[in-house]
1. Could you tell me which numbered condition residue A:438 fails, if it satisfies all but one of (1) surrounded by fewer than 20 Cβ atoms within 10 Å (Cβ to Cβ); (2) within 10 Å of another protein chain (Cβ to nearest Cβ)?
2. Let me confirm something: among B:222, B:209, which residue is crowded, with 18+ Cβ neighbours inside 10 Å, within 18 Å of residue B:52 (Cα to Cα) and either within 14 Å of chain A (Cβ to nearest Cβ) or touching a residue at least 24 places away in the same chain (Cβ under 8 Å) (or both)?
3. Restricting to the stretch A:649-670, and then to whatever is more than 30 Å from the chain's Cα centre (by Cα) and not in a strand (DSSP E or B), can you tell me which residue is farthest from residue B:118 (Cα to Cα)?
4. In contact (Cβ under 8 Å) with a residue 24 or more places away in the chain, part of a loop (DSSP other than H, G, I, E, B) and more than 19 Å from residue B:114 (Cα to Cα): is that true of residue B:175 in this structure?
5. Filter the stretch A:10-39 for residues that are assigned to a loop (DSSP other than H, G, I, E, B) and buried (at least 16 other Cβ atoms within 10 Å of the Cβ) and give the result.
6. Looking at the stretch A:92-102, can you tell me whether even one residue there is assigned to a helix (DSSP H, G or I) and either surrounded by fewer than 24 Cβ atoms within 10 Å (Cβ to Cβ) or in the same structural domain as residue A:255 (by the TED database) (or both)?
7. So which strands (runs of 3 or more DSSP E) are wholly in the stretch A:247-354 and hold at least 3 residues that are surrounded by 23 or more Cβ atoms within 10 Å (Cβ to Cβ) and in contact with a strand residue (DSSP E or B) (Cβ under 7 Å, 6 or more places away or on another chain)?
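The values are calculated or read from the model by the stated rules, or taken from the named source; none is laboratory data. These numbers were taken from a predicted model, which means no experiment stands behind them. Cβ: placed from backbone, ideal geometry, glycine included. Neighbour counts: every protein chain shown.
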C-alpha cells in the first residue's frame, strides 16, 4: 500500500516553520528535493526547540567547563558533576511551558517525566526533583485552573514515579497570565563506571526501541514549542503528550538493570522529536567521536499504537516513555530479557552504520536518507545572532509615603500574605517530598533542599531560583542575582555551590528588545558563575513565551531560572533556616545600601516595581558563601536564612514560623539606621542583596565575628531569639510587635484563600 | 545464629521497596529479601512487608490489581497460617483488596494527594507490631497518599472497636484526637488496623520514613523492632 504524500515545496516548508534560506540549505545538503518525511525531520531538528538556533551563540559565552564537571554542557543529555566517592551527579532543568498552557495537567506531568528520562538515560537514578513555576494573578479563574492542573500533574507523576519533589518556587505576576512557566529539574546519582553515553557507535551494533509504543500523540510538539501562543493554540492540544508514570517507573528500573548487564553501548531518551532527534543526535555524536557512524532504522519494526501511521508520523511522534538503545552486537537478547522481566517492550529496529547518514526505511522504501551531522546543533543546524536593542521598562519610580504616614504593622502583615511571599504549603503538600528516605529536613526548614547520600557522610543541596522582576528591570543585575541567590541558599544550608543548570524562558527572540534581555541576562549569569566557580552544565531555552490573552501581545518577564547543586561533605554540618534555640543571638551578615528597588513591598505599596533591580556585588557574595560554609564546618551556626523577597522582616518572620511544630519568636533592634523619612520601610522591606540572617549561641559570637572579619563580610548582632512573639525596633524605638500566631495566620492561610480553591472542586 | 529473613514484596510500581529494605537492613540479625510479584516463592521469610508506592500504577483503584499477583496468593495463604504481614500505605490498600483486612480506603477528604508529618498514637500496644510502644504515646510519622480515607460500615467499625483491632489513630501533638487532626477524613481517625488474629497490620503512615533521626523522626523504628522481636 502506498500512501500519497504532499508534494514538497517551499510553501510547504514554510508551513513547517522553515524559512526560504533554511529550505535552500536543505536542498544543498541533500542535492535534491527532500521527501515529505525528510522535510518533517529537518523542520523539527531545525526548530528552535531542538537546534537552539537563536540561542547557541549566546550560550557559548557561559563558563561550560572546569570545576568538578565530568561532561561539558551539550555533550550529553544532562551535565555530570563529580562529588567524590566514585559518585557523580547528573542534573538538568527543562521547560514545558507551552504544553502546560493548553493542557496543564499533562503538560506538567510529561515535563517531569521527560526530565527524569534525561537523567536515567545517563545511567543515573533520579533522587530528587525540583521545579520553578510562574502564573498570572490567582484572581483569574483560568489561572486557578492552570495552577491546580500543573500542581496535580507534577505531583501525580513524581509521586507515582517515586522520586521526591523536594524544592521549587512559584510566583504570580500578570505577565504570565496567558503563558505560565513550568520548569522541571531532575537530579540523579550514578557511580562513575556506570554512566552511559548518548552515542551510537560500533558498526553493526543493533539499535532498539524500548518502552511504550509509538502513537500519533505529540506530533510536532517541538515545533509547537517554537512559536508564540495564541487563541489558536488551544487547537494544538493534540500536540501535548500524555504521561504514564507507571510505564516510566518500569522503564527506569529495567533500564538501570539493563545497564548493569554491561551490554548497553549507548542510550538516549526520546523526548522532543522522538525517533528523529534520538537517531540523528546519537549518530552525530558517534561520527564526531569516531569519524564514521550513522543509524539505519526500519520503521516497520517499530511497535505502533495504531494502524496506518505514515513514516512522517512515526518519525515525529512524541509518544512518551520511549528510549533508543544501542546494544553490543550479539547481546540484544540479554537486554530484551531484562525489559521483558519488567513487562517493558524492547524491539530491535535497526543498526549502527558507517555511512554517516540517518537512513529510514518503511514498507520497503527508503523514506529518509540524511547526513546525520547536517541535522544537529553544532553541525548543520542554522545558527543566528539576532539584533539586540535595549528597551528600558517604562515603570515609574515610586512616590514614597513617609514612615509616619503608614501603619507599618499592617503593611508588614499584608506583605506576608502576598501569594509571592506566603507559604506554599498548599502546593508542596501535594508532592511526595520524602520517598527514597533521603530528604533530610522537611520542606522549608533549610534554604536549599538537602538529600543525603546513603552509604556516605555526604549530602546534596539543591535549589531553583529566579526573581524575574529584577531581570525585567535590569537584565544584567537580574541574571547575576538569580545565580547569587541560589548560591546563597545552598551556602546557608552549609553546602558548597558546585554547578548550575539553567532554563531560559524569554519572549520572541526576533524582537530586538527580547533578544537584548536574553543576551544581557545570560551575560550576568555567566559573570556570576565565573565569580563563584559554578560552571553551567547545560539546560534548556524556551523562547516565544508571549501571549495574546487579555488583549495586546505581552511578553513575559524575562525568566532565566537557575537550578543549582551544592555538596555538603558532612551531613553533620547541615544548617537549617529556622530558629532553634531561645536565647540565641540573631546576627545579620552583609551591610548594603538599602533601597526598595524591585521589591515586592514597593509593588504592593506603591504599584510599581521601580526602575532598577537591587544592587549586586559578586565579590561580596562569594565571600559570604565562603564564610557560611566555613562557619557550618565549624558547627558555629544554629540557623541561616537569606534575606530575599519581602526583605528582612519576612526573613525574620519565616525563621520564626516555618517550623510549624517548633515556633519561636524574636526581639530585634536595628541600630544606626539614619534619619531619613523612609528608613523603617527600607530597613524592614528592602530586598538589597548579599544578606543572611543567622543565629548562634551567644558564646560563639566572638568566634563568628572574627571569622566574618577574616572573610571581609560585615556582621552585626541585631537581637535575640525569644520563646514567642516578635518585636522589631529601629534605633530603640518605633517598635512593631506581632504575636507568632498572627504571623502564622497571615503566612499559612494566604495562598489557599487567594486561590479560592474550593470553587474548583 | 542465622539472620531472620524478612520479605519485602516488589510489585511493578512499588516505590517504597528500597526504603523499606533500607529500614529493615538497619536492624541487627534481620536480613531483608525482595520478593518479586511474579514469583510464588516466599524465600523462607518469617514476616512479609508490603511497601508503599503505586502497584501496577494504581490507575484503577489503589491495590486493586496487586492482589491478583502470584506472590499475593502465597502471602494470603501464609497470613492464614499466622505469618506476620505488615502493609504500609499502598501495602495497606493491597491488604484490604486482598480481604486480609476489612474496610476500604477512598480518596482523601479534600481529593488531593497529601504528604506531611502526622501525629498518630498507638491505641492497642498488645499487638506484635506495637509491643514496644506505650499506650497513647504520641508518634511523629509522615503520610504520603491520595487514597487514605479509611472507611468501613458502622457495624464493621463497631466490631473493630470491640476486638481491639484499631491500632493507630491520627491525633495532635498532645495526643488529642479531633477532626482537625484527621488528615484524610478516615472514620474514627483510623490510621491503622490489625486483623482479628493479630498477625496482619495495615497502616497509612510510613514507619520506614521515620526510622532515623536524620529524617526528622525515628518513632517508626519500634514498629519494626516490635515485630522482629517476635520472630
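1. Residue A:438 satisfies every listed condition except (1).
2. Numbers: B:222 fails: within 18 Å of residue B:52 (Cα to Cα).
Of B:222, B:209, the one residue that is crowded, with 18+ Cβ neighbours inside 10 Å, within 18 Å of residue B:52 (Cα to Cα) and either within 14 Å of chain A (Cβ to nearest Cβ) or touching a residue at least 24 places away in the same chain (Cβ under 8 Å) (or both) is B:209.
3. Residues of the stretch A:649-670 more than 30 Å from the chain's Cα centre (by Cα): A:661-670.
Now restrict to residues that are not in a strand (DSSP E or B): A:661-664.
Details: A:661: 11, A:662: 14, A:663: 17, A:664: 20 Å.
By that ranking, first place goes to A:664.
4. Numbers: in contact (Cβ under 8 Å) with a residue 24 or more places away in the chain: yes; part of a loop (DSSP other than H, G, I, E, B): yes; more than 19 Å from residue B:114 (Cα to Cα): yes.
Yes: the conditions hold for residue B:175.
5. Of the residues in the stretch A:10-39, the ones assigned to a loop (DSSP other than H, G, I, E, B) are A:16-19, A:31-35.
Selection gives A:16, A:17, A:18, A:34, A:35.
6. Step one: filter the stretch A:92-102 for residues assigned to a helix (DSSP H, G or I), giving A:97-102.
From what's left, either surrounded by fewer than 24 Cβ atoms within 10 Å (Cβ to Cβ) or in the same structural domain as residue A:255 (by the TED database) (or both): A:102.
Yes; the residues of the stretch A:92-102 include at least one that is assigned to a helix (DSSP H, G or I) and either surrounded by fewer than 24 Cβ atoms within 10 Å (Cβ to Cβ) or in the same structural domain as residue A:255 (by the TED database) (or both).
7. Where strands (runs of 3 or more DSSP E) fall fully within the stretch A:247-354 and carry at least 3 residues being surrounded by 23 or more Cβ atoms within 10 Å (Cβ to Cβ) and in contact with a strand residue (DSSP E or B) (Cβ under 7 Å, 6 or more places away or on another chain), they are A:264-269, A:322-327, A:346-352.
Let's see how each residue does on (1) facing chain B (nearest Cβ under 10 Å); (2) under 21 Å from residue A:91 (Cα atoms); (3) under 20 Å from the mean Cα position of the chain (by Cα):
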site	(1), (2), (3)
A:422	no, no, no
A:426	yes, no, no
A:432	yes, yes, yes
A:443	yes, yes, yes
A:448	no, yes, yes
